[in-house]
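A.B. asks: After the structure tokens below, expect a handful of questions from me.
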Amino acid sequence: MAEKLKSYKTNSLKVYVKTFGCQMNVNDSEYIVGQLEQLGYSRTRDIFKSDLILLNTCCVRENVEQKIYSLISKIKKIKENTPSIILGICGCMAQKEKENIFKKAPYVDLIFNPSQINNLEEIINITKYGNKKYIFCENSTKFILKHIPVIRESKISAWIQIMRGCNNYCSYCVVPYTRGPEQSRGVSEILAEAENLAQENYKEIFLLGQNVNSYGKNLPESVTFSKLLTLLNNINGIERIRFMTSHPKDFNFDLIKVVKNGDKVCEHIHLPIQSGSNKILKIMNREYNVNQYKSIIKEIRSNINNISITTDVMVGFPGETEEDFQQTLNTFEEIKFDDAYTFIYSNRENTIASLMPNQVPLQVKKERLRRLINLQKEISTKINKKLEGEVLEVLVDKKSLKNIPNQLSGRTKTNKTVVFIGEQELVGKLVEVKIIKSDTWTLYGELVK
């Protein structure tokens, strides 16, 4: 399909793309924009000037889905004023809500799921000239991104999808249904993409997968995620390699060796725990217990100095008692994560958890979330405080968001955000910064010259 994309001399058509959700969606949007440019579209940030509107959606939590439906309803007025505008819904919510979207918003023109990203030319042309609404939501498409045009948002760090889908079927999650079963990209295709990025002077690659630890299981060649990391570590020009997400049940201890010995592999592991209660983990179908999780953390920290470990955790899962939640707090106090992505359990239709009894009241969930966040703030603040006085290597990736002259921002290999004063030409370079101050989320330093 990619080879058939036509290259237009002028891009007179405009596309507005709005992305919700995870890094995978962000990267999908980069491929969407890349293909649309080949089809004669240029991206606009002004929705009112667009010929094509695409919402790349997420449905992990209910509040996000509600926001998307609210935006769709607002776009109705734009469609009424300019009927020729094509409105498309893609991403995970498109798969989950494919029948409901046309019922709730009949002015939507097309729907396609994440598996159809590389068929965009066919989708757009059928919609343009077919004079009827279409749904493209087959999950059987082979996962190949080779030769698919892409326009990346960053010139320094690039996402690389190494796999798609999930086979784990956690009782609260819709991802296996929206992104389909696990499919790994071939090693040669991934290496070629990384080598091309190195030639384009990218300094960092970020490997993406719902569960990177199971990479390679469906490939005919014998390869593991650890082996893939080792091969990528040998590519000249790439300075840093990051990855997410790891699943504790598939965590391979060979990965610890690769992170320790690979000079480009960043000392940061994101390992979702989801709960500190064995009872809740079992109901979630996570397939590990708290002691097994702690053993992984112990092994990581005993082998890799100054490793940064972050996690995901939800509160208020059905059946979670105050005792269960206290076990989560105790686990956080013991492990001391560098950071944690904390969120309230959200009922997702057609998941096992949505049918469970003993749903936790919203106010209880909010109160538990507040307590957990406050605990994690204390832990993160203390960890960052210990870094004051240290000289850290920072990859400068942008100007600081605050409107301060010459203030730059970057990240350490342990994924800490560092803010300092420096010249604009440092963006994209590795520099050394002495940390002089810290807070819960940020390190502040001075450039070492």
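The values are calculated or read from the model by the stated rules, or taken from the named source; none is laboratory data. Please read these numbers as outputs of a predicted model, since none were measured by experiment. FYI the Cβ positions are ideal-geometry reconstructions off the backbone, even for glycines, and counts take in every protein chain you see.
A.B. asks: Is it the case, given these coordinates, that Lys398 is of a type outside the set (Phe, Trp, Tyr), under 25 Å from Tyr202 (Cβ atoms) and not in a strand (DSSP E or B)?
C.D. replies: Judged against the criteria, Lys398 is not a match.
A.B. asks: Picking from Thr245, Thr224, which residue would you name as being surrounded by 16 or more Cβ atoms within 10 Å (Cβ to Cβ) and in contact with a Pro (Cβ under 7 Å, 6 or more places away or on another chain)? Steps first, answer last, please.
C.D. replies: On the way: Thr224 fails: in contact with a Pro (Cβ under 7 Å, 6 or more places away or on another chain).
It is Thr245.
A.B. asks: Here's a follow-up. I'm told Thr328 meets every condition in (1) in a loop (DSSP other than H, G, I, E, B); (2) buried (at least 21 other Cβ atoms within 10 Å of the Cβ) except one. Can you identify the failing condition by its number?
C.D. replies: Condition not satisfied by Thr328: (1).
A.B. asks: Still on this structure: Among the β-branched types (Val, Ile, Thr) and over 30 Å from Lys260 (Cα atoms): is that true of Val313 in this structure?
C.D. replies: When the stated conditions are applied, Val313 does not pass them.
A.B. asks: Could you grab me the full set of residues in region 58-92 that are in contact (Cβ under 8 Å) with a residue 40 or more places away in the chain and assigned to a helix (DSSP H, G or I)? If you could, list the steps in order and put the result at the bottom.
C.D. replies: So the first thing to find is which residues in region 58-92 are in contact (Cβ under 8 Å) with a residue 40 or more places away in the chain, and the list is 59-64, 67-68, 71, 86, 90-92.
The answer is Glu62, Asn63, Val64, Lys67, Ile68, Leu71, Cys92.
A.B. asks: State all residues of region 392-409 that are in contact with a Gly (Cβ under 9 Å, 6 or more places away or on another chain) and either small (Gly, Ala, Ser) or under 21 Å from Ile241 (Cα atoms) (or both); if no residue qualifies, say none.
C.D. replies: Leu392, Val394, Leu395, Val396, Asp397, Lys398
A.B. asks: Turning to a different aspect of this structure: Taking the condition of being surrounded by fewer than 21 Cβ atoms within 10 Å (Cβ to Cβ) and within 24 Å of Leu36 (Cα to Cα), how many residues in region 59-68 meet it?
C.D. replies: The number of residues fulfilling the criteria is 0.
A.B. asks: While we're looking at this one, here's another question. Of a type in the set (Lys, Arg) and more than 20 Å from Ser226 (Cβ to Cβ): is that true of Arg152 in this structure?
C.D. replies: yes
A.B. asks: Using the structure shown, decide if Asn252 is modelled with pLDDT of 95 or more and either farther than 25 Å from Cys22 by Cβ or surrounded by fewer than 21 Cβ atoms within 10 Å (Cβ to Cβ) (or both). If you could, list the steps in order and put the result at the bottom.
C.D. replies: Values: modelled with pLDDT of 95 or more: no; either farther than 25 Å from Cys22 by Cβ or surrounded by fewer than 21 Cβ atoms within 10 Å (Cβ to Cβ) (or both): yes.
Criteria not met by Asn252.
A.B. asks: Determine if region 341-356 includes at least one residue that is modelled with pLDDT of 95 or more, surrounded by fewer than 19 Cβ atoms within 10 Å (Cβ to Cβ), touching a strand residue (DSSP E or B) at 6+ places or on another chain (Cβ under 7 Å) and farther than 30 Å from Ile304 by Cβ.
C.D. replies: Yes, that holds for at least one residue.
A.B. asks: Looking at Asn415, is it modelled with pLDDT of 95 or more and either over 27 Å from Ile296 (Cβ atoms) or among the polar types (S, T, N, Q) (or both)?
C.D. replies: Judged against the criteria, Asn415 is a match.
A.B. asks: Which residue out of Ser380, Ser400, Ser438 is over 26 Å from Met314 (Cα atoms) and touching a Ser or Thr at 6+ places or on another chain (Cβ under 6 Å)?
C.D. replies: None of the others qualify; the one that does is Ser400.
A.B. asks: When the residues of region 97-117 are filtered to those that are assigned to a helix (DSSP H, G or I) and in contact with a strand residue (DSSP E or B) (Cβ under 9 Å, 6 or more places away or on another chain), which remaining residue is surrounded by the fewest Cβ atoms within 10 Å (Cβ to Cβ)?
C.D. replies: In this case the residue turns out to be Glu99.
A.B. asks: Just to be sure, is Ile124 under 19 Å from the mean Cα position of the chain (by Cα), surrounded by 18 or more Cβ atoms within 10 Å (Cβ to Cβ) and either without any contact (Cβ under 8 Å) to a residue 12 or more places away in the chain or outside any loop (DSSP other than H, G, I, E, B) (or both)?
C.D. replies: Here the answer is no, as Ile124 does not meet what is asked.
A.B. asks: Within region 251-285, can you find the residues that are over 26 Å from Arg411 (Cβ atoms) and touching a Phe, Trp or Tyr at 6+ places or on another chain (Cβ under 9 Å)?
C.D. replies: Answer for region 251-285, where residues must be over 26 Å from Arg411 (Cβ atoms) and touching a Phe, Trp or Tyr at 6+ places or on another chain (Cβ under 9 Å): Ser275, Gly276, Ser277, Ile280, Leu281, Ile283, Met284, Asn285.
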